[in-house]
Structures are given as structure tokens and as C-alpha cells.
Amino acid sequence: MRSNRILFPLAALVCTLFVFGSRGHAADGNFPIYFTNTKLVVKAQSINRVTYLPLSDIVSVMGLPYTDALALETLTVRSGNARLVASRNSALISVNDQIILLPSPILREDGKWLGPIDYLTQGLSKLSGTEFRYRSGSSRIFAGSTEAPELLMNAQSLGPITRLTVRSSAPMNAEIRRDGNRAVIALDRTPLDVLQERLEHKDRLVRSIVFDDSDATSKIVMDLTNEVKDIKLATADNNRVLFVDLMREAAAKPVTSLPATAPVTAAKPDGTTATPERRVRVIVIDPGHGGMDNGAVGSGVNEKDLTLVLARKLRAALQSKLGATVLLTRDSDIAMDNEARSAAANNNQANLFISLHAGYSPNKMDAGSSVFIMKEDFGDALSATSVSRDQLFLPWYLGYRKSRGLSAQAAKILQEDLNKAIPVMPFPVRTAPVAVLCSVTMPSMLLEIGNLNNPVNAQTMMDAMFQNKLVDTIVGAVQRFSSTQHPTAN
């Protein structure tokens with residue numbers, strides 16, 4: 001091993017100049033590592049903006065023997081006949097004589113070996129066969145076959161309350177403890193893979209919302225203002241969704257009652273009932289047009305303005321009544337092309353995409369509306385050869401085929417509900433080569449409302465009561481579609 005002995009000291013010299021020439025402030029903090037059958041909380045240090053972990057603590061919990069050679073300033077970890085060698089102040093490590101360059105060097109301070117997270121993911125994983133999974137920016141590591149359900153938090157102001165919606169891919173129970181302006185939501189499931197640990201939301205009731213598992217127990221910590229008088233907790237979707245309502249008045253009623261979010265029950269063959277799992281969790285609403293593109297214009301109304309108003313109302317209603325995560329393709333008067341709108345839905349892994357538009361007809365007497373889905377078999381004529389529905393990878397413009405059957409089902413449910421709620425404005429289901437729908441891969445539809453060239457129609461669409469009724473009907477249809485036992489996509 002003469003070559004290794006020469007290589008490590010040279011690299012160490014270079015890295016020593018780097019480490020101690022630009023030494024930053026080190027901040028201590030707890031960092032949990034979740035193994036399959038145990039968990040370890042170590043003290044992490046931030047040095048030069050890199051997170052360092054104590055290596056001897058980790059390898060000891062894994063049951064791996066190691067040798068701390070002070071004279072050679074090397075740390076050797078063994079697993080059977082395999083060995084992992086690291087040198088002080090060097091970014092080079094050796095796994096069975098294979099050299100690996102880490103982004104940051106190994107350190108030894110106060111008698112302890114410190115390594116960056118890459119030492120685990122690139123070194124220990126190869127040595128032991130234990131996979132280490134780490135989400136960039138987070139404060140936890142999952143090792144081996146540890147199962148960690150995803151958790152997503154969302155907060156929004158709903159009139160007199162602030163609602164925190166917590167969604168997990170697995171059921172969980174929660175308990176709220178409050179001490180002055182600090183409230184802690186203790187969750188009974190650990191570990192959790194948190195997609196966003198700190199919310200940017202701030203308003204009159206809340207200063208900060210942060211997920212914390214620094215002691216290897218899951219909890220959400222809220223810093224509240226003096227205006228919070230009461231906190232209510234409720235659940236939905238078989239305890240996969242938690243609603244935490246912050247209220248200004250004690251014992252105040254939430255803006256919406258949670259029974260409205262209960263899914264529809266279905267009868268089993270034996271006469272009992274079952275609650276279908278809610279399938280629509282992420283919804284993308286697309287307000288049509290925007291920027292220089294006004295869309296249809298009639299009776300002093302621009303389509304781009306009307307669709308944005310309706311989209312914002314629909315977002316608030318879906319969030320409060322269904323507890324869904326709702327995103328808008330645009331939340332201001334900006335221009336967007338169809339591919340950017342479709343990408344917003346695909347990139348956020350939406351379960352439903354709804355594009356909102358206002359209709360226009362040269363006939364001022366027309367008052368009809370439509371629910372559009374993509375034309376079946378659109379795109380075949382554009383291909384040199386026909387594309388099979390079962391083809392694994394489809395051209396981008398045929399993305400709709402993945403979920404066209406579900407799109408038709410969602411459109412039918414929406415049509416039925418709209419025709420019942422607004423009989424004076426029929427909503428037939430139509431098919432067309434709609435550009436904004438062709439490349440989305442989830443159930444999708446385009447809702448075209450009324451006729452802006454019809455003065456009475458335009459006035460009706462601008463009426464707040466009509467808009468609320470329209471929005472409530474869409475929400476009900478989405479809820480019914482979400483709770484329906486879905487067939488195959490095609």
C-alpha cells in the first residue's frame with residue numbers, strides 16, 4: 001500500500017490549507033439517523049457550510065470495527081474483508097483500494113473524526129452494503145430499508161382563521177400542546193420524509209411553522225402571535241390529512257366544517273360500507289390567457305381577468321373543503337405558453353388539471369358552455385407510425401393518453417353536477433385537440449363558461465353569487481371524482 005501512503009499525505013497537505021485557511025463558524029445541532037431497527041441522534045457541526053457528523057458514533061451503532069491510527073492520522077473501518085480508509089484533512093477515501101474523492105475533506109477535531117454526509121453515502125454504503133438516503137437541505141438520514149412516509153405541509157389564511165394542512169402518505173395521529181405563543185403538534189409516526197421543513201407563510205396569527213425531529217420524534221412547532229385565542233385539530237382521509245385551525249376567538253367555529261370533506265361511502269357485496277381512498281391530493285388550476293393575451297373580450301370583461309378571479313376562489317375552496325394541495329399556473333397577470341402550464345401540472349405530480357376559460361360566440365344570444373377533454377387518438381396523424389396506447393414512453397404531445405379514460409370520467413361527473421346546479425347554461429362534454437391538455441399526464445379537462453359576447457351572460461359570470469355557486473359545484477364534482485373507484489386510465 002505504498003502508493004496510498006504517499007497519496008494521502010499529499011492530499012492532506014492541500015486540504016489542510018483549504019480547511020484552516022477558510023475556516024468558518026461551526027454551529028452544533030442534533031441530527032437523527034434512522035436505521036431499520038434503531039435510531040441514532042448525533043451532534044452535527046456546520047463547517048464551511050458543510051454538515052459534518054461524528055463518524056465513530058455512526059460506525060459503532062452499525063457494529064463495524066474501526067481503527068483510529070493516531071500516528072498515521074487515519075481512520076480505518078472494516079466490514080468482513082472489506083475496509084474503508086480515510087485520512088485527516090483529506091477529501092480522498094479508499095474503499096478496498098478504490099480511491100473516491102469526496103466534495104469535502106474528513107476532519108479530526110478534539111479527538112473525534114468528523115465526516116461530511118458524502119462519507120456515508122459514498123463510503124460506508126459501499127463498505128457495508130447499507131444504503132444511506134439524504135434529501136438535500138434536510139436534517140436527517142434514512143439508512144437501509146427504513147420506511148419514511150412523505151409529509152407535506154401547507155398553510156393559508158382563510159378569513160378569520162389560519163389553517164395548517166398536514167398531509168402524509170401514511171395514517172398518523174396528532175396531539176397539540178400549547179405554551180403561550182408556542183404550539184407543538186406531536187405526531188405519532190417517526191421517521192417522516194418531510195418535503196418542506198419550514199413554511200414561508202406569515203400572517204396575523206402565525207410567525208413561523210417548522211417541522212422538527214431533532215430528538216428523533218416527529219413534531220411541528222408553530223410560533224404564534226398574541227391574537228391566537230384557540231386552536232382546533234381535525235383529521236380527514238383516514239388520518240392521512242390533519243387540519244390545524246388557528247382562531248382569533250376562543251371556541252370559534254372553523255370557516256368550513258370538516259364533515260364536508262368526508263369521502264363518499266360505497267357498498268360492499270356483503271352490505272357493509274367502505275370508504276374509498278381519496279385519490280385527488282394535488283390539483284393544478286390553470287387560469288386561461290394572461291399578460292398581453294386578453295383572451296375573449298366582451299361587455300367590458302377580459303377573459304384573462306375573469307379566469308384568474310375564478311381560479312383564486314376555486315383554490316381557496318378546494319383547500320378548505322378538501323384539504324387538497326392546490327397550485328395555480330399563474331397567480332397574476334403574466335403570459336404563459338401552453339407547455340409551461342402543462343409542465344406546472346406534470347412537474348408537481350398533480351392528480352387533476354383544470355383549465356378555466358370563458359367562451360365567446362359571434363351570436364349574442366348564445367349562452368352555452370362546455371367541458372372539453374382531449375380528442376381521442378389525436379396525434380396519430382402526426383406520427384410516421386401509429387403509437388400504441390400501451391407504449392411505455394409516449395411523445396410529449398401524447399401525454400394525455402396516459403389518463404384519458406379518467407379525464408372522461410371526471411368530465412362526465414363535472415357535467416352532471418354543473419347541469420343540475422346551473423340548468424340555464426348547459427355544459428356538454430366535447431372533445432377537441434386542446435393544446436394545453438395534450439401533454440399533461442394526469443386526468444385533465446378544460447372548462448369553458450358562457451359567452452362574453454352575450455351581455456346578460458357576461459353580467460351573470462361577473463356576479464359573485466354565480467361565481468360562488470360555480471366554484472362550489474366544481475369542488476363537489478372534484479370530491480365525487482376523488483372518492484370514486486377509478487377504472488384503468490385508458
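Read the figures in this text as sums done on the coordinates, not as results from a lab. Values in this document were obtained by computation on a predicted structure and should not be read as measured data. We place every Cβ from the backbone using ideal geometry, glycine too, and count neighbours over all the protein chains shown.
How are the alpha carbon pair distances in segment 150-259 distributed across 5 Å bins from zero to the largest one, expressed in percent?
Bin by bin from 0 Å, the calculated values are 2, 12, 25, 26, 20, 11, 3, 0.
Within segment 148-187, which residues have the backbone N less than 18 Å from the label spot 7 Å out from residue 195 along Cα→beta-carbon, could you tell me?
Label zone hits: 148-156, 164-172.
Summing Lys, Arg as +1 and Asp, Glu as -1, what charge do residues with Cβ under 10 Å from the Cβ of residue 229 carry, residue 229 excluded?
Working: positive: 248; negative: 227, 230, 249.
Once positives and negatives cancel, what remains is -2.
Starting from the 7 Å offset along Cα-to-Cβ, what nm value, one decimal, do you get for the label separation of residue 99 and residue 72?
About 1.7 nm, to one decimal.
To make sure I understand, if each residue's beta carbon is the centre and we count other beta carbons within 10 Å, what order do 304, 375 fall in, fewest to most?
By the 10 Å Cβ count, ascending, the order reads 375, 304.
Mind checking the dipole of segment 56-179: about its Cα centre, +1 per Lys or Arg Cβ, -1 per Asp or Glu Cβ, Debye to the nearest 20? Kindly include the intermediate steps, with their values, before the conclusion.
Values: 13 positive and 12 negative charges, 62 e Å.
In debye, rounded to 20, segment 56-179 gives about 300.
What span do the alpha-carbon atoms of segment 282-483 cover on each of the three principal axes, reported in whole Å from largest to smallest?
Projected onto the principal axes, the Cα atoms of segment 282-483 cover 48, 38, 32 Å.
I want to check the label-to-label distance for residue 376 and residue 82. Put each point 7 Å from Cα in the C-beta direction and report it in nm to one decimal.
In this crude label model, residue 376 to residue 82 measures out at 5.3 nm.
If the chain between residue 463 and residue 57 were fully stretched, how many nm would it gain, using 0.36 nm times the residue separation less the Cα-Cα distance?
Stretched fully, the residue 463-residue 57 segment lengthens by 139.6 nm.
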